[in-house]
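The values are calculated or read from the model by the stated rules, or taken from the named source; none is laboratory data. As the structure is a prediction and not an experimental result, all values here were calculated from the model. Glycine gets a Cβ as well: all are built from the backbone with ideal geometry, and neighbour counts include every protein chain shown. When the accessible area is computed, the model is the full protein with side chains, heavy atoms only, and any ligands, DNA or RNA have been set aside. Shrake-Rupley method; radii C 1.70, N 1.55, O 1.52, S 1.80 Å.
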Amino acid sequence: MVSHRRPGDPPRPGPRTWRPWRSAWLDAAYSPTGFWSTQQPGGHFSTAVRAGPLVAQAVAALVPASVGVVVDVGAGDARLLAHLADLLPGVALVGVDRRVRPEGLDPRVGWFRDHFDVERERWTNGGPDAWSSAGTPFLVAHEWLDDLPVPVVGRRAGTWHEVEVDGRGHERPGAAVGAEDRAWLADWWESGSPEVVRAEVGRARDAAWAVLVRWAVARGGRALAVDYGHLATQRPVEGSLLAYGRGRQRAPVPDGSVNLTAAVAVDALVRAGEDAGAETLLLERQSAVLGRHPEPAPADPLGALVRRSEQAALTAPGRWGDLWWLLQGARAS
Ligand SMILES: C[S@@+](CC[C@H](N)C(=O)[O-])C[C@H]1O[C@@H](n2cnc3c(N)ncnc32)[C@H](O)[C@@H]1O
């Protein structure tokens with residue numbers, strides 16, 4: 001891998017250094033040599049908004065007429081916003097991401113650089129108040145929350161411990177998990193799935209979501225999360241930490257060469273949003289959302305074929321069809 005180190009950067013942990021996943025993942029994502037600092041995601045994996053316009057059409061259908069601005073949080077290369085620019089004329093569009101504005105982005109789309117600090121649970125460059133004041137907001141977080149680094153923990157004889165990892169991805173059990181994380185695990189992982197031996201502690205995702213929802217609700221708006229996830233009764237017994245690199249699933253190694261991701265505890269997110277003052281307006285898999293109101297197929301046979309294959313990919317079980325759509329916010333918007 002090309003070295004992106006700069007003079008003054010802290011020494012990089014060697015391949016034999018053991019650290020809890022919680023700090024190893026943070027570095028692997030955000031350090032100067034981390035994935036989001038050095039890599040172009042399009043070269044590594046594809047998200048559902050890259051498949052075509054259908055996701056954007058379904059998002060646009062959820063945007064109430066009163067909305068003045070759609071903010072895409074963790075917008076990436078802003079494919080969703082580029083489609084929305086045609087679908088929602090007259091609505092301001094803003095992408096928010098820790099990365100720079102994508103080259104060639106539609107001039108109708110605004111851009112704001114901001115980073116959500118998962119340890120301090122706050123935005124570091126102003127947060128929602130700085131992003132837009134253009135009327136009632138509709139926030140979207142599309143395949144964003146699953147990328148926020150979280151602690152990976154294991155369970156032995158009923159006791160939770162940190163999972164430590166070295167620079168090559170080898171693992172070993174670490175120290176006991178702290179009280180706040182234990183309480184979260186008791187609420188969200190132990191109750192419905194007692195056989196679980198490994199988990200990810202999603203408190204930082206709940207906090208990130210609560211910030212967005214609270215801000216949207218205070219302005220009469222709504223927030224939509226679309227992400228991979230699970231509910232209490234179906235937690236993955238061995239957790240859900242995965243890595244993607246160069247178009248394939250890879251071994252999770254915290255060296256910045258792959259995108260690390262773990263599914264979101266969706267029911268914990270629902271609670272976080274409701275505690276932030278929102279009503280839950282939609283909670284469904286993407287297969288149901290896109291299957292309910294299929295867009296009319298284009299008249300030309302080739303266009304119709306492309307549309308059918310996009311619809312099939314976006315609703316396929318085991319992949320994009322399993323994405324959860326969670327809409328929360330003010331009811332009368
Ligand atoms: C998987 S990509 C999703 C991009 C886009 N929403 C899509 O669905 O194609 C995740 C995006 O979140 C951004 N991101 C990751 N962690 C972030 C953080 N803590 N604060 C702000 N942006 C972050 C990354 O830079 C990346 O563009």
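Element breakdown for the range 46-136 at a 1.4 angstrom probe: carbon and sulfur atoms account for 48% of the accessible area. Per-residue ellipticity at 222 nm computed for the chain from its helices equals -7500 deg cm²/dmol, with DSSP H segments shorter than 4 residues left out and the rest contributing -39,500 (n - 2.57). Take each peptide in 28-41, 104-117, count the other Cβ atoms within 10 Å of every residue, and average; sorted highest first, the result is 28-41, 104-117. Looking at the range 183-243, the pairs of alpha carbons with a distance over 15 Å make up 58% of the total.
Here the accessible area of the range 202-333 is 56 percent carbon and sulfur, with a 1.4 angstrom probe and all protein chains present. Here the mean projected area of the convex hull built on the C-alpha positions of the chain is 17.6 nm². Using the Cβ-Cβ distance between Ser133 and Glu295 with R0 set to 35 Å, the FRET efficiency from 1/(1 + (r/R0)^6) comes to roughly 0.60.
The distance from the alpha carbon centre of the range 134-182 to that of the range 230-291 is 12 Å, rounded to a whole number. Using bins of 10 Å that start at zero, the share of Cα-Cα pairs per bin across the range 263-333 amounts to 19, 35, 28, 15, 4, in whole %. Run the paramagnetic zone check for Glu180: 7 angstrom along Cα to Cβ, then residues of the range 256-292 with backbone nitrogen under 16 Å. The answer is 272, whose backbone nitrogens lie closer than 16 Å to the label point. For the Cα trace of the range 97-237, dividing Rg by the Kirkwood Rh returns an Rg/Rh value of 1.04. Could you work out, for the range 40-127, what percent of all Cα-Cα pairs fall into each 10 Å distance bin, beginning at 0 Å and stopping at the bin that holds the largest distance? Reading upward from the zero bin: 16, 46, 32, 5.
Computed over protein heavy atoms with a 1.4 Å probe, the accessible surface of the range 129-198 works out to 41 Å² per residue.
At the listed q of 0.18, 0.22, 0.23, 0.27 Å⁻¹, the Debye profile of the range 219-286, built from one uniform point per Cα, gives log10 I(q)/I(0) equal to -0.81, -0.98, -1.02, -1.19. The spacing between the range 30-100 and the range 193-212, judged by their C-alpha centroids, is 24 Å.
Hey, what's the per residue convex hull volume over the C-alpha atoms of the range 1-157, in cubic angstrom?
Here the figure is 171 Å³ per residue.
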